[in-house]
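The block underneath contains the structure these notes are about, expressed in structure tokens.
Taken together, the values in this text are just the output of simple stated rules run on the coordinates, not laboratory data. A quick note: this is a predicted structure, and the numbers were derived from the prediction, not measured. Virtual Cβ from ideal backbone geometry, glycine too; neighbours counted across all protein chains shown.
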């Protein structure tokens, strides 16, 4: 049912962001399926505190026989199931309100225990790696280890980068401290920073926050967009040195980890986990760099249509097609998304719709202290929850729902067809499932309308989607590549060097005809993904793969191969998994095809707008 209160999604004149207790339960996720209450979580936590030390019984026995190895793996699996469920609940509760002391305390408890468990289990990987090669292969032939064959082979790949038991213990002990900058960044940007209020195009004061910022950028009045931008980045200016320090320490931590584990670079360390060669990363950057002209052509069109004397980056989000109604309630968004996904079959649509409408999978709206953005998150055997800050006046939030639903259904299928040890799919594959849904949504909405103006609006939406997912995320990927290379070369990572590096990328990717405000150089300090480096390139490769796969499904009229991709979870590495689904991501061809689609859409939009 639609909410009947002054919620963030429809209260454009609200004086403040609502607190958690002001949002109806029906609009929040139902975490009681994880634990009925916080006391149940505490009981589960206490049980884990007692049970994890049992892993010590396997120390020195791991390589004695296939049976001993199996017993150890199964014990560790039981621990991991408990850990995943406990961590999932603690994380989601912190997401609800990161200023809540109880939530923060639960997170801290969990993190501390994870450090101790990591220390206790540190012997496991080294002992598996120490098994002599011929003996290891003999173990894999034993039927008792059949369910573990894939995960053991993947683990064995890490042998050159696995340290001694004592060294692994030290890394486990220091992991929380080494990664502490990420928590500092989250607390600063989600809790401590205050952005005030901004008058919208109706003259009404609205709270400015990390979540509502995007809502101001789609306002048609350029003065509102400018005010929101300047006020938003004024707060980042006040904290720029702290943020630069946090980002620098994040890069240093990545480089430390790579060097400690004997990788040539932090980038190769990150890509090795998915068995993705660095040529895939470099092909992405070089291919996008070679296809920037259609992007510049689009910016020129945007400037003409919006009749702006200067085009600023904060002017690149408002739809350039005017007079289109974009107020879509959350229930209407579900209708649109489920309708678009009909080519995937009855089971897919039925499960998704029931989860969104009745299963309380989604925490829908913004509330005070809630984390910004959106994500999908699950633990084995439990619902794939979705966190959103849905706003009815931001049409892209309908796409965000389709995107996160793609993640959730990927998880649902993987859990249903793979064992715990094989269901975890990597981000490289996750971003295919999510952006695939966005492609089907665009196709569906375009088919539904014959109105020239609406068609122009939707094409503008697809152009902006490709721009944001391929061009923009590739710019981010290049920034990560450059800053990590700077640290590895011994160059200083300071506020000045971050701003200078990021400014050069802004100039290159926006082109000569877009006016870059100096304050935008601070954008590199506010991107959460930079604290999980070498992640963002997967958005670009994911959308490119999704474009190819969605066109195959629509053309062939069957989703069997695609559903097989979802069901495979993490059974294989990303490139062979996608090859089996029908797309070769070792080649730049899918990226080139996506950028060619972008160029065609720009030409079509120019024609539609006359």
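Here are some notes:
- Part-to-part distance (alpha-carbon centres) for the stretch 85-112 and the stretch 591-610, which is given in Å: 45 Å
- Cβ-derived FRET efficiency at R0 22 Å, residue 417 paired with residue 447, nearest 0.05: 0.10
- Extension gain from residue 204 to residue 268, taking 0.36 nm per residue of separation minus the Cα-Cα distance: 18.0 nm
- The stretch 7-113: mean projected area of Cα convex hull, nm²: 9.1 nm²
- Cα gyration tensor shape for the stretch 286-389, rounded if a/c is under 1.5, else prolate or oblate: prolate
- Pairs of alpha carbons in the stretch 215-295 separated by more than 22 Å make up 60% of all such pairs.
- Amide N of the stretch 131-159 lying under 17 Å from the label point, which is placed 7 angstrom from the Cα of residue 67 along Cα→Cβ: 139-146
- Principal-axis tilt of helix 101-120 within the chain, Cα atoms, nearest 10 degrees: 40 degrees
- Least to most buried among 378, 532 (fewest other Cβ within 10 Å first): 532, 378
- Whether the stretch 481-610 is rounded, prolate or oblate, judged on the alpha carbon gyration tensor where a/c under 1.5 counts as rounded: oblate
- Relative contact order [Cα under 8 Å, 6+ residues apart], the stretch 488-610, whole percent: 19 percent
- Helix 240-260 axis versus longest C-alpha principal axis of the chain: approximately 40°, rounded to the nearest ten.
- In the frame of its principal axes, the stretch 161-289 has Cα extents of 64, 38, 21 Å, reported largest first.
- Residue-averaged [θ]222 nm for the chain, counting only DSSP H segments that reach four residues, each worth -39500 (n - 2.57): -19000 deg cm²/dmol
- Multiplying the residue separation of residue 561 and residue 20 by 0.36 nm and removing their Cα-Cα distance gives an extension gain of 190.6 nm.
- Using a Förster distance of 56 Å, the FRET efficiency for residue 197-residue 149 (Cβ separation, nearest 0.05): 0.45
- Percentage of interatomic Cα-Cα distances in the stretch 20-178 larger than 18 Å: 65 percent
- Gain on full stretching of the segment that runs from residue 600 to residue 59 - 0.36 nm per residue minus C-alpha separation: 188.7 nm
- Counting every other Cβ atom within 10 Å of each residue's Cβ, 67, 77 order from fewest to most as 67, 77.
- Convex hull volume per residue for the chain, taking Cα atoms only, in Å³: 149 Å³
- Cα-only radius of gyration and Dmax that characterise the stretch 360-460, units Å: 15.6, 50
- Modelled label positions at residue 592 and residue 135, each set 7 Å beyond Cα in the direction of Cβ, lie 5.1 nm from each other.
- With 10 Å bins from 0: P(r) over the stretch 534-610, alpha-carbon pairs, percent: 17, 44, 28, 10, 2
- Prolate is the label for the stretch 395-439, because a/c, from the alpha-carbon gyration tensor with a ≥ b ≥ c as root eigenvalues, is 1.5 or above and a/b exceeds b/c.
- Acute angle (nearest 10 degrees) that the helix 396-417 long axis makes with the longest principal axis of the chain, alpha-carbon atoms: 20 degrees
- The DSSP beta bridges internal to the chain are antiparallel in roughly 65% of cases.
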